[in-house]
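Each remark here refers to the structure printed beneath this line.
What follows is calculated from the coordinates using simple rules that are stated; it is not laboratory data. This structure is a prediction, so every number in the text was calculated from the model and none was measured. Cβ sites come from the backbone with ideal geometry, for glycine too, and all protein chains shown count toward neighbours.
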Amino acid sequence: GQNIDQPTEMTATEGAIVQINCTYQTSGFNGLFWYQQHAGEAPTFLSYNVLDGLEEKGRFSSFLSRSKGYSYLLLKELQMKDSASYLCAVRPQGSYKLIFGSGTRLLVRP
Amino acid sequence: GAVVSQHPSWVICKSGTSVKIECRSLDFQATTMFWYRQFPKQSLMLMATSNEGSKATYEQGVEKDKFLINHASLTLSTLTVTSAHPEDSSFYICSARAGTTQETQYFGPGTRLLVL
């Protein structure tokens, strides 16, 4: 089976750095994705990790440790528009489908 | 980037009617499309995987006779909610995968269904 855990909510200050953690237990692993979703909208792709280590893309970075079943999304220089839900999703081995975690609602305050 | 559209964006229907939702990949051919459902303040739940020219693969607990999926071409998949009931009211989102070299799924804007 699959189990993906994320914190439900987080709050951070504009300009700060926030780290959103995701732990997973899946039957086989073939990549981890992070998506951003604003209320009432579809998710937009942020990052993809399949090997251990850090992937940096502008203000956003994503880290993966396969041995620990752990990933985090790091958001730097937070902006008000970063207030959204952040979804961690795992792709099981042998499949292209994604299994989503429950999502983390991030609130950025002035 | 790859664009996926959905139609309609909003639909309100009476209980017992059927509703068809279209998902189109506009600038790429989608070998695989996925259908998700999202209830308020919850995450996306995968309903089924749709491969062009073959039968859809449904997730456990999803009734294939109630949620009919057709993937007739490499750019179009449809989801029909048959005999819709108020509990089917939800946000339905499709995503499309471009091909073997593309790892990313691109999501459509979603369809909000309200069954009265």
Output ³J(HN,Hα) for segment A:30-38: one whole-Hz value per residue in order, computed from phi by the Karplus curve 6.51 cos²θ - 1.76 cosθ + 1.60 with θ = phi - 60°, and x for Gly and Pro.
9, x, 10, 10, 10, 10, 10, 9, 7
Given the protein assembly as shown, report the % of alpha carbon pairs whose separation exceeds 25 Å.
41
Can you compute the charge dipole magnitude of segment B:44-92 about its Cα centre, using +1 on each Lys and Arg Cβ and -1 on each Asp and Glu Cβ, nothing else charged? Give it in debye, rounded to the nearest 20.
120
Any chance you could check the Cα centroid distance between segment A:68-110 and segment B:6-60 for me, in angstrom?
22
GNM top mover of A:Ser71, A:Ser27, A:Ser61 - chain A, alpha-carbon springs below 10 Å:
A:Ser27
Under 5 Å, built H, 5+ apart or other chain: amide partners of A:Ser83:
A:Val108
Cleavage-rule hits (GluC sites (Glu not before Pro)) in segment B:12-116: DSSP loop, at most 12 neighbouring Cβ within 10 angstrom:
B:Glu63
Can you list the aspartates and glutamates whose alpha carbon sits under 20 Å from that of A:Lys57, skipping same-chain ones fewer than 8 residues off?
A:Glu14, A:Glu77, A:Asp82, B:Glu103
